[in-house]
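Down below is the structure, laid out as structure tokens.
The values are calculated or read from the model by the stated rules, or taken from the named source; none is laboratory data. Small disclaimer: the values here were computed from a predicted structure and weren't measured. Cβ coordinates were reconstructed from backbone atoms using ideal geometry, including for glycine residues, and neighbour counts include every protein chain displayed.
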Amino acid sequence: MNLPFKKRILIYAFGNPGRQDDGLGNRLVEELEPWLREKGLDNVELESNYQLNIEDAANIADKDIVVFVDASVEDIDDFHLGLVEPSEGRSEFTMHAASPAYILALCIRLYQKHPETYLLQVRGYEWEFLEELSRKATQNLASALAFIKERIVSGDFQEFLSED
């Protein structure tokens, strides 16, 4: 698949696959990988981890678009795409070591780079110590996966931000 201008995109999932639906982001990256290979989309990098760390500021510095993907306990539809604004506050409420907003702020401060950054939250329901997704979360994953594929091909995430 040849695109006129290939934006450098990073899809970065974080969560714990051993806690049922907390692994939604990780699963999205797993399922996206063969599709990217099949389509020849070598401008898209995938990353998956249990949590974000300050070192991730370096990982996003050379990207045009960064999409962090995480499971959500919030009362959202299947998924929600939001713009990430930089924030120096590490103490934002998050179950992870650092928030996407903090990683973006570090990237700007340390590397003087400001990639277009989003958070794709996929609704989860079950959080037990199991390595399988709940049925409803699996359906939400399918919707989020179709959405992210469309956005990767178009290179446009801004137009499809969820309304708050």
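Under 8 Å between Cβ atoms, at least 6 apart or on separate chains: pull out the pairs that start in the range 24-45 with a residue that is in contact (Cβ under 8 Å) with a residue 24 or more places away in the chain and end on any residue that is hydroxyl-bearing (Ser, Thr, Tyr) and surrounded by 15 or more Cβ atoms within 10 Å (Cβ to Cβ).
Every condition considered, the pairs that remain are GLY25/SER48; VAL29/SER48.
Condition test on VAL66, is it of a type in the set (Val, Ile, Thr), under 21 Å from LEU10 (Cα atoms) and at pLDDT 95 or above? Write out each step before concluding.
Details: of a type in the set (Val, Ile, Thr): yes; under 21 Å from LEU10 (Cα atoms): yes; at pLDDT 95 or above: yes.
Answer is yes for this residue.
For the range 119-131, which residues satisfy the criterion of being modelled with pLDDT of 95 or more and not hydroxyl-bearing (Ser, Thr, Tyr)? Working first, answer last.
Going residue by residue through the range 119-131, those that are modelled with pLDDT of 95 or more are 119-129.
Within the range 119-131, LEU119, LEU120, GLN121, VAL122, ARG123, GLY124, GLU126, TRP127, GLU128, PHE129 qualify.
Surrounded by 21 or more Cβ atoms within 10 Å (Cβ to Cβ) and not in a loop (DSSP other than H, G, I, E, B) - does that describe any residue in the range 84-100?
yes
The rows are residues; the columns are (1) over 15 Å from the mean Cα position of the chain (by Cα); (2) closer than 21 Å to ASP62 by Cβ; (3) in a loop (DSSP other than H, G, I, E, B).
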{"residue": "LEU104", "(1), (2), (3)": "no, yes, no"}
{"residue": "CYS107", "(1), (2), (3)": "yes, yes, no"}
{"residue": "TYR118", "(1), (2), (3)": "no, yes, no"}
{"residue": "THR138", "(1), (2), (3)": "yes, no, no"}
